[in-house]
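Participant: Next up is a structure, given as structure tokens.
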Amino acid sequence: MTADRELESELARAAEALKWATRVAVLTGAGVSAESGVPTFRASDGLWEGHRIEEVATPMGFAKNPELVWQFYNGRRENVAKVQPNPGHRALVELEGRYGDGFTLVTQNVDGLHQQAGSRNVLEIHGSLRRTRCTSCSAIEERGLKNLGDRPICSACGGFQRPDIVWFHEALPVDIWEAAQMAAHECNVLLVVGTSAVVYPAASVIPIAKANGATVIECNLTRTDASHAADIGLYGPSGETLPKLLAKLAG
Ligand code: APR
């Protein structure tokens, strides 16, 4: 079968599974924002380029050189401020409209582009670039995407703020992660979009859904660590495959 015909047949199978579903969960990763111009992590032009993960994305790195970490995160914030959600984000908004409360979007992304596109029930399991957390009183503040300088201060207690991001070696926020696991447990269909599925516990959403009988649909440029669990594969840019899927579902 040619790639186009294979995609067409997989789109039909995916639409069929979604037609029967009452509860749908989605796990997204950096790939869903790639067509907006946000670099993915594990591509050669990825975000860590020029920086070792240990320096900019661990609590140890922050303790050692908070100024460098803030420079890095201010750079990421400024990049996200320049971009817009893409048709993949918008297709997921449309999908939520179809299922209402039966829809949960679990994202590993910290760019906030799902909410900017209009998604409502979004669980940010790795935090957000748009928020800070006080290292003294733990107060969380919405700070948008402007440059915060390299020593942002908590407006509640005057303490030093850090990005509200889950770094390597840190636990996921308990309530949000529990809600994500619950959504995986309850869904009839799990869409896995633009993630290499190598970072845990995030990727364990996939076996949880699978073990509970969900149909797993992978949307990615290529096969990944999640592919062995996928019942259906939509291979291509998610900014193209997701709108095609929504069109099929409407048809
Ligand atoms: N459409 C669909 N998939 C795409 C696209 C696209 N246009 N572009 C890239 N991809 C896919 C890649 O093939 C890859 O599988 O997106 C995936 C991106 O993988 P990663 O860079 O590993 O990103 P992600 O899976 O989100 O990383 C998980 O790792 O570094 C940590 O905390 C960080 O949340 C992040 C986590």
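The values are calculated or read from the model by the stated rules, or taken from the named source; none is laboratory data. Source: prediction; values computed, not measured. Backbone-built Cβ (ideal geometry, glycine too); neighbour counts: all protein chains shown. Just the protein is used for accessible areas: all its heavy atoms, side chains included, with ligands, DNA and RNA removed. Shrake-Rupley method; radii C 1.70, N 1.55, O 1.52, S 1.80 Å.
Let's see how each residue does on (1) closer than 23 Å to A43 by Cα; (2) among the charged types (D, E, K, R):
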{"site": "V166", "(1), (2)": "yes, no"}
{"site": "A180", "(1), (2)": "no, no"}
{"site": "E186", "(1), (2)": "no, yes"}
{"site": "V189", "(1), (2)": "no, no"}
{"site": "A209", "(1), (2)": "no, no"}
{"site": "T215", "(1), (2)": "no, no"}
{"site": "D231", "(1), (2)": "no, yes"}
{"site": "A247", "(1), (2)": "no, no"}
{"site": "G251", "(1), (2)": "no, no"}
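Participant: Let me ask something additional. Report, ordered by the first and then the second residue, all pairs with beta carbons closer than 7 Å, sequence separation of six or more or different chains, a first member in region 120-144 that is under 16 Å from A57 (Cα atoms) and in contact (Cβ under 8 Å) with a residue 60 or more places away in the chain, and a second member that is of a type in the set (G, A, S) and open to solvent by less than 30 Å² (accessible area, probe 1.4 Å).
Facilitator: Close Cβ pairs (under 7 Å, with a partner that is of a type in the set (G, A, S) and open to solvent by less than 30 Å² (accessible area, probe 1.4 Å)) amount to I125/A180; I125/A202.
Participant: Please state which one of E10, E35 is modelled with pLDDT of 95 or more and over 17 Å from the mean Cα position of the chain (by Cα).
Facilitator: Within the list E10, E35, the selection yields E10.
Participant: Tell me whether region 129-149 contains one or more residues that are open to solvent by less than 30 Å² (accessible area, probe 1.4 Å), aliphatic (A, V, I, L, M) and within 16 Å of the ligand (Cβ to nearest atom).
Facilitator: Yes, region 129-149 contains a residue that is open to solvent by less than 30 Å² (accessible area, probe 1.4 Å), aliphatic (A, V, I, L, M) and within 16 Å of the ligand (Cβ to nearest atom).
Participant: Out of (1) within 17 Å of the chain's Cα centre (by Cα); (2) open to solvent by less than 10 Å² (accessible area, probe 1.4 Å); (3) touching a residue at least 60 places away in the same chain (Cβ under 8 Å); (4) near the ligand (Cβ under 10 Å from one of its atoms), what's the single condition that is false for L191?
Facilitator: (4)
Participant: Now, a different point. With surrounded by 14 or more Cβ atoms within 10 Å (Cβ to Cβ), assigned to a helix (DSSP H, G or I), in contact with a His (Cβ under 7 Å, 6 or more places away or on another chain) and in contact (Cβ under 8 Å) with a residue 40 or more places away in the chain as the only criterion, which of V32, V80, V69 stands out?
Facilitator: The unique qualifying residue is V32.
Participant: Answer yes if at least one residue in region 197-220 is more than 15 Å from the chain's Cα centre (by Cα), part of a strand (DSSP E or B), touching a residue at least 60 places away in the same chain (Cβ under 8 Å) and within 13 Å of the ligand (Cβ to nearest atom), and no otherwise.
Facilitator: Yes, that holds for at least one residue.
Participant: On the given criteria, is L249 among the aliphatic types (A, V, I, L, M), more than 16 Å from the ligand (Cβ to nearest atom) and open to solvent by 10 Å² or more (accessible area, probe 1.4 Å)?
Facilitator: Spelling it out, it is not the case that L249 is among the aliphatic types (A, V, I, L, M), more than 16 Å from the ligand (Cβ to nearest atom) and open to solvent by 10 Å² or more (accessible area, probe 1.4 Å).
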